[in-house]
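Asks: Supplied in structure tokens, the structure appears directly below.
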Amino acid sequence: MDESILTAAAAAVGCDARASRPVRGGNFNPVYALPHALGPSILRITPPNAEIDEGWLEATLAFMDHLSRAGVSVPAPRRSLNGRLVESLSNPQGAYYVTCFERAPGVLAEELPFSVWDAGLYQTLGRAVGAFHAAARTYQPQTGMERPHWDQAGNCFNPSESIADARLAQRRAEALAAVQALPRDHRAYGLIHTDLHGGNFMLDVQAGRVTLLDFDDCAYGWYAMDIAMCLHDFCVLTPRPDKDAFAAHFLLNFLRGYLASYPLEPIWIERLPLFLKLVETGIYAQVAEFAPSESPESWVGRFMQGRVERIARGAPVVEIDFAQIAAQAAQTLDKTA
């Protein structure tokens, strides 16, 4: 990052660039930690790119501001000295966009050993996602700041990449058709994250707190999509050899937390296999080209193990009794009510 850009970006939000330090962030946006009058903060600088404009970023920040004010565990946006959610810095290369957030406590979930997770933390994660969905239902964006629907923008459920293998492409088409035929019930369809994996939430183990991050790809979709993404990610990462047993354990505890925050109807839990198949084939489309160069121990390497054969024969992502798990989670909720 050009030092002059960093200096100007920090100044726009009332901070001193000399106190900043780079931290791990997205693949595209340089991210810095720095002190702020309101507390430890994160400064993100989006370089010139035709796919990301000021309006898109402002719509994202406005939604996050709504969630934060509603008590959802997300980083609260910090406004600039001019009172803006997004500041634009002119440059011969194009505009740089500056955003600032409260710094979330804890560690990025994907950087923690898998062993830290237990039933209680799965419930905490579910509770945070359910609270997010509940608050998203009350959001009314200003004109011109509406988010797209999941099938109108690129994401893991709707990748821009195609699948070269005709057998796998057919499975992808079948999954897409099955999901697109589902009703867009307002109780089950609304603003979702679309990319809820371990790289997009922080975990403070001691405080038992999960903070959801990176809402750049948020779109209108079924709430079950976010649940499917979480379940899929944990199933790839778990070292347990019995993926189905792990999936049942994870989903039961996740739903115990989720349903305490948002009463999603059981039928949508029963439809999770459709969303799991859609995200599985979507991720495959995104990674297939570069997967051979990845380490077998990387996320992509783990994901690809036996994946082509499983998708080709139409095997479910996991074979568990979704209806029974939904009922068990609801019974636990009734007993604690």
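Asks: What's the number of the condition THR60 fails, among (1) open to solvent by less than 30 Å² (accessible area, probe 1.4 Å); (2) modelled with pLDDT of 95 or more?
Replies: Tallying (1) open to solvent by less than 30 Å² (accessible area, probe 1.4 Å); (2) modelled with pLDDT of 95 or more, THR60 fails exactly one: (2).
Asks: Ok, one more. Can you confirm whether ALA330 is open to solvent by less than 80 Å² (accessible area, probe 1.4 Å), modelled with pLDDT under 95 and not acidic (Asp, Glu)?
Replies: yes
Asks: Look through region 272-291, keep the residues that are of a type in the set (D, E, K, R) and within 12 Å of ALA175 (Cβ to Cβ), and return whichever of them is most open to solvent (accessible area, probe 1.4 Å).
Replies: Per the criteria, the residue is LYS277.
Asks: Looking at GLY208, GLY199, which one is touching a helix residue (DSSP H, G or I) at 6+ places or on another chain (Cβ under 9 Å) and within 23 Å of ASP65 (Cβ to Cβ)?
Replies: From the options GLY208, GLY199, the qualifying one is GLY199.
Asks: Output the number of the condition that ASP118 fails; it satisfies all remaining conditions of (1) more than 30 Å from SER298 (Cα to Cα); (2) open to solvent by 40 Å² or more (accessible area, probe 1.4 Å).
Replies: (1)
Asks: Take the residues of region 293-306 that are touching a helix residue (DSSP H, G or I) at 6+ places or on another chain (Cβ under 6 Å), touching a residue at least 12 places away in the same chain (Cβ under 8 Å) and not aliphatic (A, V, I, L, M): which is surrounded by the fewest Cβ atoms within 10 Å (Cβ to Cβ)?
Replies: Filtering region 293-306 for residues that are touching a helix residue (DSSP H, G or I) at 6+ places or on another chain (Cβ under 6 Å), touching a residue at least 12 places away in the same chain (Cβ under 8 Å) and not aliphatic (A, V, I, L, M), the one surrounded by the fewest Cβ atoms within 10 Å (Cβ to Cβ) comes out as ARG302.
Asks: Just for region 38-73: of the residues that are in contact with a helix residue (DSSP H, G or I) (Cβ under 7 Å, 6 or more places away or on another chain) and of a type in the set (Ser, Thr, Tyr), which one is nearest to GLY144 (Cα to Cα)?
Replies: THR46
Asks: Mind checking which residues of region 68-87 are of a type outside the set (Asp, Glu) and open to solvent by less than 50 Å² (accessible area, probe 1.4 Å)? Working first, answer last.
Replies: We begin by selecting, within region 68-87, every residue of a type outside the set (Asp, Glu); these are 68-86.
Within region 68-87, SER68, VAL72, SER73, VAL74, PRO75, ALA76, PRO77, ARG78, SER80, GLY83, LEU85, VAL86 qualify.
Asks: Identify, please: which residue in region 113-141 is among the β-branched types (Val, Ile, Thr) and under 17 Å from the mean Cα position of the chain (by Cα) and is, among those, farthest from LEU203 (Cα to Cα)?
Replies: Filtering region 113-141 for residues among the β-branched types (Val, Ile, Thr) gives 116, 124, 129, 138.
Restricting the remaining residues to those that are under 17 Å from the mean Cα position of the chain (by Cα) gives 124, 129.
Values: THR124: 10, VAL129: 13 Å.
Filtering first and then ranking leaves VAL129.
Asks: Identify, please: which residue in region 96-110 is of a type outside the set (Asp, Glu) and not in a strand (DSSP E or B) and is, among those, surrounded by the fewest Cβ atoms within 10 Å (Cβ to Cβ)?
Replies: If we take residues in region 96-110 being of a type outside the set (Asp, Glu) and not in a strand (DSSP E or B), then PRO105 is surrounded by the fewest Cβ atoms within 10 Å (Cβ to Cβ).
Asks: Which ones in region 27-57 are open to solvent by 30 Å² or more (accessible area, probe 1.4 Å), among the hydrophobic types (A, V, I, L, M, F, W, C) and farther than 19 Å from LEU108 by Cβ?
Replies: Result: ALA37, LEU38, ALA50, ILE52, TRP56.
Asks: All but one of (1) under 19 Å from the mean Cα position of the chain (by Cα); (2) under 19 Å from ASP151 (Cα atoms) hold for ARG271, so report the exception by its number.
Replies: Condition not satisfied by ARG271: (1).
Asks: Within region 35-42, is there a residue that is assigned to a helix (DSSP H, G or I), within 26 Å of the chain's Cα centre (by Cα) and of a type in the set (Ser, Thr, Tyr)?
Replies: No, region 35-42 has no match at all.
The values are calculated or read from the model by the stated rules, or taken from the named source; none is laboratory data. Note that the structure is predicted; figures quoted are calculated from it, not measured. Positions of Cβ are backbone-derived with ideal geometry, glycine not excepted, and every protein chain shown enters the neighbour counts. To get the accessible areas, we keep the full protein, side chains included, count just its heavy atoms, and leave off ligands, DNA and RNA. Shrake-Rupley method; radii C 1.70, N 1.55, O 1.52, S 1.80 Å.
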